[in-house]
Amino acid sequence: MPENDLSLLVDAAHAAGKIAEQHWGNAPKTWDKPDQQGPVTEADLAIDAMLTDRLRSARPDYGWLSEETEDDPARLSAERVFIVDPIDGTRAFVNGERSFAHALAVAERGVITTAAVYLPLLDKLYTATLGQGAAFNGAAIRVSTPKGLEGSSLLATRPALDPALWPGGVPNVTRHHRPSLAYRLCLVAEGRFDGMLTLRDSWHWDIAAGALILSEAGAQVTDRAGAPLRFNTAVPSSPGVVAGGAQVHRDLIARLA
């Protein structure tokens, strides 16, 4: 029987973790990307090469979108496309932190259908298939459901709570942060935090997998204006992400409007 997309992604994520573990803490070669796009390491490139070979050989008709591969417009005409981030949280990886992730997803006509986010050094695997719920290390997860935004816990960078960005007033929340955007999305799906937001434009490889995991865990996930996220677009980015249980999400969008 052919391997289904979720099994394919999970196996590839574990293989990525093995490569990352070989480089982590061993001063991997690192370069700065142009236009202040952040660092890239030899581990990122090795994982990208492995994922390209492993996933595309298994699904040759799928398109390909990866942070570390030159974009090919042919993906826009593919019915299904892989969207991957070989290492999400590369700065954390370079600094010897453990909270980096491998984020892998499949999109079909702009909608994410399958997702896996794996943190090898924390032994955390988040998965989801459209319409079948989300899981953390094999156990079902659900988003938290506080009565409202007031006093809730929010994953966000400090600049995201600049008063200039909040016409409705900065929410009274407890702010937390993690380096990997994919991990932040998954932590909200797990119910450990009540919501998350990033108001900067967000690359699809950073958010595709986590967005499905969150929505399958019962969260509302939109861009910063409250519009649904669409993937595999010509410019592969979304205008921010706002996510949480229904009431938290509603309150965040209202404050931002």
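The values are calculated or read from the model by the stated rules, or taken from the named source; none is laboratory data. Please read all numbers here as calculations on a predicted model, not as lab measurements. With ideal geometry, Cβ positions are generated from the backbone for all residues, glycine too; neighbour counts draw on all protein chains shown. For the accessible areas, the whole protein counts, side chains as well, though only heavy atoms, and no ligand, DNA or RNA atoms are used. Shrake-Rupley method; radii C 1.70, N 1.55, O 1.52, S 1.80 Å.
Taking the radius of gyration and the Kirkwood hydrodynamic radius from Cα positions alone, what is the Rg/Rh ratio for the chain, to two decimal places?
My calculation puts Rg/Rh at 0.95.
Accessible area per residue of the range 30-85 at 1.4 Å probe, in Å²?
52
Taking a straight Cα-Cα cut-off under 27 Å and skipping sequence neighbours fewer than 8 places away in the same chain, the lysines within cross-link reach of K124 are K18, K29.
Sorted largest first by accessible area at a 1.4 angstrom probe radius, with every protein chain in place, the residues T113, T30 fall in the order T30, T113. When Rg and Dmax are taken over the Cα atoms of the range 27-72, they come to 12.3, 37 Å. The three principal axes of the C-alpha atoms in the range 42-184 carry coordinate ranges of 49, 37, 34 Å, sorted with the longest axis first.
Every helix of 4 or more DSSP H residues in the chain counts as -39500 (n - 2.57), and over all residues that averages to -9000 deg cm²/dmol at 222 nm. Build a GNM of the chain with springs between Cα atoms under 10 Å apart, and of S144, S57, S66 the one that fluctuates most is S57. Along the chain, the exposed loop sites are GluC sites (Glu not before Pro) outside DSSP states H, G, I, E and B with at most 15 other Cβ atoms within 10 Å, and the longest stretch free of them is 151-257.
Within the straight-line cut-off of under 14 Å between alpha carbons, the aspartates and glutamates reachable from K147 are D194, D251, sequence neighbours fewer than 8 places apart in one chain being disregarded. Across the range 91-236, C-alpha contacts under 8 Å between residues 6 or more apart give a mean separation that, scaled by the residue count, equals a relative contact order of 28 percent. Using R0 = 30 Å, the C-beta based FRET efficiency linking A74 and V170 works out to 0.10.
What whole-number value in cubic angstrom gives the convex hull volume per residue for the C-alpha atoms of the range 32-100?
It is 93 Å³ per residue.
When you count the other C-beta atoms within 10 angstrom of each residue and take the mean per peptide, 87-94, 175-182 line up highest first as 87-94, 175-182.
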